[in-house]
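**Student:** Would you mind keeping the following structure in view while I ask a few things?
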Amino acid sequence: MGTVQFVLLAADPSTFETRAVPFIDIELAGIPGDRHYGLLRPADSRQKIYKRGTMIANRRQISMISEEECTLIAEKMKIPEVRPEWLGANILVRGIERLTELPAGTRFLFPDGTGLICEGENLPCVHPGKVIEQFYGLDGLRKKFVPAARKKRGIVCSVEREGVINTGDTIEVVRLP
């Protein structure tokens, strides 16, 4: 079991950064108004088997990060904190051990029946490093982010069942055989 610490939304299309909201509506296409909303998305550098721009299933509808892993990233970077909004996270959780290492197919069930499917690790990239460097005003932080966040950046999920996720909700983690 885990607990939702914050739910966040990336409503500004000019940035991947998110902002805290009291709850998020979950539809089969993701979070309405979020930059990752949609059943389909164009293939990018992560899907090398498809030509860039080819429309494919959106398996990156929701990003989940753990409070514990944010703390570990901050420790490795030697900074006071790493905030979930700097990582573009939609859900910050507490109490799910080694969240980033959970296998694809793991399910997350919320009190109202909302269901998410882990699609895999959210690989670290330079964009959050730039945000962190800008916040702290310390040159060189952007280069420290990717190695510090490896296996700690959280996961991306797709929606299996619609509903609402609230700050404070419990999360049942279901690992299928």
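**Student:** Report the one residue of Ala104, Val146, Phe135 whose Cα lies farthest in the direction of the positive end of the charge dipole of the chain (charges on C-beta: Lys and Arg +1, Asp and Glu -1; origin at the Cα centre).
**Tutor:** Val146
**Student:** Right, something else. How far apart, in nm, are two points set 7 Å out from the Cα along the Cα-to-Cβ line at Tyr136 and at Glu27?
**Tutor:** Reported label-point gap for Tyr136 and Glu27 is 3.9 nm.
**Student:** Whole number in Å², please: accessible area per residue of the chain, 1.4 Å probe, ligands, DNA and RNA not counted.
**Tutor:** Using a 1.4 Å probe on heavy atoms only, each residue of the chain averages 52 Å².
**Student:** Order His36, His127 by their accessible area, 1.4 angstrom probe, all chains in place, largest first.
**Tutor:** Accessible-area ranking of His36, His127, largest first: His127, His36.
**Student:** To the nearest 10 square angstrom, how much accessible area does Arg142 have with a 1.4 angstrom probe?
**Tutor:** Arg142 exposes around 90 Å² with every protein chain in place.
**Student:** Sticking with this one: Based on the Kirkwood radius over alpha-carbon pairs, what is the Stokes-Einstein translational diffusion coefficient of the chain at 20 °C with 1.002 mPa s viscosity, in µm²/s?
**Tutor:** Here the translational diffusion coefficient equals 131 µm²/s.
**Student:** On the protein heavy atoms, probe 1.4 angstrom, tell me the percent of accessible surface of the chain carried by carbon and sulfur.
**Tutor:** 54
**Student:** Counting only the heavy atoms of the protein chains, how much of Asp169 is accessible to a 1.4 Å probe, in Å² to the nearest 10?
**Tutor:** Rounded to the nearest 10, the figure is 20 Å².
The values are calculated or read from the model by the stated rules, or taken from the named source; none is laboratory data. Being a predicted model, the structure only gives us computed values, none of them experimental. With ideal geometry, Cβ positions are generated from the backbone for all residues, glycine too; neighbour counts draw on all protein chains shown. Ligands, DNA and RNA are stripped out before the accessible areas are found, and what is left, the full protein with its side chains, is counted by its heavy atoms. Shrake-Rupley method; radii C 1.70, N 1.55, O 1.52, S 1.80 Å.
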